[in-house]
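The structure under discussion appears below in the form of structure tokens.
The values are calculated or read from the model by the stated rules, or taken from the named source; none is laboratory data. These figures come from a predicted structure and were not determined experimentally. Cβ placement follows ideal geometry from the backbone for every residue including glycine, while neighbour counts extend to all protein chains displayed. Surface areas here come from the heavy atoms of the whole protein model, side chains and all, with no ligands, DNA or RNA. Shrake-Rupley method; radii C 1.70, N 1.55, O 1.52, S 1.80 Å.
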Amino acid sequence: MIVDTIINYQFLLQSTLAILARAVLRRQRPFIVGITGSVGKTSTREAIRAVLAAQWRTRGAPKNYNNEIG
């Protein structure tokens, strides 16, 4: 019974956050840049951000979240 309640709250929270995220994206219409690969993503991200920041407002992760696995 308690597990079902927790799962329902998790579903409600995830659904609410998804709706809010879609609303923000629809309203702001951001230009999104994705960087993928195995090596050099953090330095590439910072270089691209520096170049784009000369002309536009930019946002990005404040630090990298690398760990022993990757």
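A few points about this structure:
- Filter result (β-branched (Val, Ile, Thr) and open to solvent by less than 100 Å² (accessible area, probe 1.4 Å)) within region 29-56: Val33, Ile35, Thr42, Thr44, Ile48
- Scanning region 22-69 for residues being hydrophobic (A, V, I, L, M, F, W, C) and part of a helix (DSSP H, G or I) gives a total of 9.
- Some residue of region 12-32 being modelled with pLDDT under 90 and polar (S, T, N, Q): no
- Test: residue in region 2-17 that is in contact (Cβ under 8 Å) with a residue 24 or more places away in the chain, surrounded by 10 or more Cβ atoms within 10 Å (Cβ to Cβ) and of a type outside the set (A, V, I, L, M): no
- Being touching a Lys or Arg at 6+ places or on another chain (Cβ under 9 Å), open to solvent by 90 Å² or more (accessible area, probe 1.4 Å) and free of Cβ contacts under 8 Å to residues at least 40 places away in the same chain holds for only one residue in Arg59, Arg26, and it is Arg59.
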